[in-house]
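Below: the structure, in structure tokens.
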Amino acid sequence: MPRILFVDDEPMILNSLRLRFSRRHPDWDCRFAADGICAMEHVAAGAFDVVVSDMRMPGMDGATLLGLVRERHPQTFRIVLSGQMSRDAQLRALPVTHRFHHKPCPPAALEQTIQQAIELSQQLDDAAIAAVVGGLRRLPAAPRLYAEITRMMADHRVGLNQIARMVDQDPAMAARLLHVANSAFFGVRRKIRTSMEALNWLGVDLTRKLVLSSELAVTFGHGPASRIIDEVQAHATLTARIASRLVARDQARVVSSAALLHEVGRLVIAHGAPRMARQVEEERTRTNDLCAAERAIMGITHAEVGAYLLNLWGLPLDIVNAVAHHHTPGAPTRDGSLTPAAAIYVASALANAARERDPYIPDPRRLRLNASWLRAMGIDLKLHEWCLLANHQCGMMSQEVTTVRP
């Protein structure tokens, strides 16, 4: 039975929530608390699947409460339901909150968020995923890129397009920026799917503060974690450049964004479970199959971990699905067009081959692509052309300067 905890110091709101959810969801174990202290007594008695908290409360505010919940039960889905908040309060709540809802909030919207959280937990009912993602405080970002982005954001001569290009070079930074831009307390009325859209919506000054407050800059030494971050960054960037050219123009932006984030799960594992990450790398060296190595060591893959996190953050469903299924392209489409997941599936294999300097042999087995699926899609004859495309994009990347100057 799903367990939900509602926390609010306004009796009318708490009674309204009690009335609605007790009637509509008698199969849920709903508990109610008038302040943070009372809420922590409930939490001490057992973990909750979802905690919904007001932000401004006497004694212990919502950010403090949700921070304590995260420490004790990191797998709990945490929601802020609050009225007007200062920027300082927003910045404090951001690292400990999965979703935000403004008061007055339509009851159906809050109910939908809770249901999505419960369904997600059931679909990905794996203690390994919950432990890795739930305990994550921040995604790792390549230190040199973070330093460069910070410098660019502080320079009034730098345009948004230059900052967006730099952000897109790092999947962790791109993921967190999209998470922030899609948060309800910024009033966005549509899903933000690209870094450029996020920067346009938030503005440079606020973006700089949010990036810094979200602690995206995780400084790594010269050990294995640093090599994983660099590998993920390079692969995701090249995959995005290839994948966006395999689909129709109206899908290119979504596919590019999803491709930039498709390896986010590897970053989560490297940062949240470094011992397992090292074991996975050892197994991968032996088998030359990353997903098989991850399943052998953890019982899950980075695709599942990444999709879990991005869904918690409220990113658009098309991006989440593409990340979740980028190793499983799905049933062939009638017209042979590539879905976002399928485009990333193909582009990722092409990117690997191009980086190994062996892109000219259009052999599905060599590229780790499903030959039967390619034939059923009717795209097997395009493979040679796509290999040349991958080689060209890889060559362009190697020639480009990695830092963008105004």
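Any read-out appearing in this document is the output of simple, stated calculations on the displayed coordinates, not a laboratory observation. Quick caveat: nothing in here was measured; it's all calculated off a predicted structure. Neighbour counts are summed over all protein chains in view; Cβ atoms, including those assigned to glycine, are modelled from backbone coordinates with ideal geometry.
Using 0.36 nm per residue and subtracting the Cα-Cα separation, the extra length available between A108 and I37 on full extension is 22.8 nm. Quick one: plug the Kirkwood hydrodynamic radius of region 3-123 (C-alpha pairs) into Stokes-Einstein at 4 °C, 1.567 mPa s, and report D in µm²/s. The Stokes-Einstein estimate is 91 µm²/s.
Measure out, as a whole number of angstrom, how far apart the alpha-carbon centroids of region 321-360 and region 36-101 sit. Distance between centres, Cα-based: 39 Å.
Please arrange K103, K191 by how many other C-beta atoms lie within 10 Å of their C-beta, fewest to most. Walk me through the intermediate numbers first.
Working: K103 13, K191 16.
Lowest count first: K103, K191.
The distance between label points at E356 and Q162 comes to 3.9 nm (points 7 Å beyond Cα on the Cα→Cβ vector). Counting Lys and Arg as +1 and Asp and Glu as -1, what is the net charge of the other residues whose Cβ lies under 9 Å from the Cβ of R3? Neighbour charge sum, excluding R3 itself: -1.
For Cα pairs less than 8 Å apart in space and 6+ apart in sequence, what is the mean separation divided by the residue count of region 3-123, i.e. the relative contact order in percent?
Details: 176 pairs, mean separation 26.8, N = 121.
It comes to 22 percent, rounded to a whole number.
Can you tell me the FRET efficiency between R286 and T328 if r is taken as the Cβ-Cβ distance and R0 is 22 Å, rounded to the nearest 0.05? Before the final figure, lay out the partial values.
Numbers: r = 23 Å, r/R0 = 1.05.
Working from the Cβ atoms, E equals 0.40.
Could you list S22, S256 in order of exposure, starting from the residue whose Cβ has the fewest other Cβ atoms within 10 Å? Walk me through the numbers before you get to the answer.
On the way: S22 12, S256 26.
Final ranking by Cβ density, sparse to dense: S22, S256.
At a Förster radius of 35 Å, what calculated FRET efficiency corresponds to the Cβ-Cβ distance of D9 and M276, to the nearest 0.05? Kindly include the intermediate steps, with their values, before the conclusion.
Working: r = 41 Å, r/R0 = 1.18.
Efficiency, rounded to the nearest 0.05: 0.25.
With both labels modelled 7 Å from their Cα along Cα-to-Cβ, the A47 to R23 distance reads 3.3 nm.
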